[in-house]
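Taking it in order: structure first as structure tokens, then the write-up.
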């Protein structure tokens, strides 16, 4: 599992991470705060580290998949823009992508 320092270093080094296909569709509002989320995705749980609008990264948190999607919905409802990165592995990310899609995030 990546350490907090590794996840934090990655978030500080990379301001945005959008693909050209996504960037051409998304309208970015610079007035909304940016929430960067680094994910370590497992089948039964996720470990995330997040950074809000250039503040110091917060300590990692562990979520059940359903609870994580609920947390993300709250952040979007509060006006945050999201950018995510994840540790590739054999479990879980596809279900997370389906969850984001179903939640229209």
Hey, rough spin-label estimate for residue 77 and residue 31, points 7 angstrom out along Cα→Cβ, what's it come to in nanometres? 2.2
Relative exposure of 36, 58, judged by other C-beta atoms within 10 Å (fewest first): 58, 36
What distance in nm separates the two pseudo spin-label positions at residue 105 and residue 62, each 7 Å out from Cα along the beta-carbon direction? 2.0
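Quick note: the coordinates plus some simple rules give every number you see, no bench work behind them. Since we're looking at a predicted model, the values are computed, not measured. No Cβ is skipped: glycine too gets one built from the backbone with ideal geometry, and neighbour counts run over all protein chains shown.
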